[in-house]
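Student: Here it is, the structure in full.
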Amino acid sequence: MSDDDMELARRLARFKLGVRRTLGESVNLDALRTDLDYRVRTLADIEERTDDEELLVSLLLVREMLERRREPAAPSEGMKPARDYRFGARSG
């Protein structure tokens, strides 16, 4: 498990416990990680209903970390961009 994965796991655990403590509800962590619709609905709902600052901060961190995981990875510095041959071999 990478450091990023471990940090995400910790954040998700803190978030789940915070939701249970503050709102008396349970959050499905697997669905939160894999189901975008569930994530958007659940996080928006919790964000609207809670007055707990720690839970809001946790929610924002979890949202950011999960969004970062969804974004396509940027090409590494050592890789050259692919050539564009749409206008002939010498165009690009």
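Student: Exactly one condition in (1) of a type outside the set (Phe, Trp, Tyr); (2) open to solvent by less than 70 Å² (accessible area, probe 1.4 Å); (3) modelled with pLDDT under 95; (4) assigned to a loop (DSSP other than H, G, I, E, B) is not met by LYS80; state its number.
Tutor: (2)
Student: Related question: Can you tell me which residue within region 23-52, out of those that are assigned to a helix (DSSP H, G or I) and closer than 18 Å to ARG10 by Cα, is most open to solvent (accessible area, probe 1.4 Å)?
Tutor: Checked region 23-52; the qualifying residue most open to solvent (accessible area, probe 1.4 Å) is ARG33.
Student: Now for a separate question. Can you confirm whether ARG14 is modelled with pLDDT of 95 or more, more than 20 Å from ARG68 (Cβ to Cβ) and either of a type in the set (A, V, I, L, M, F, W, C) or open to solvent by 80 Å² or more (accessible area, probe 1.4 Å) (or both)?
Tutor: So ARG14 does not fit the description; no.
The values are calculated or read from the model by the stated rules, or taken from the named source; none is laboratory data. Computed from a prediction, not measured in an experiment: that's the story for all the values here. When we count neighbours, we look across all protein chains shown, and the Cβ atoms used for this are built from the backbone with ideal geometry, even at glycine. Note: accessible area is taken over every heavy atom of the protein model, side chains too, but ligands, DNA and RNA are not part of it. Shrake-Rupley method; radii C 1.70, N 1.55, O 1.52, S 1.80 Å.
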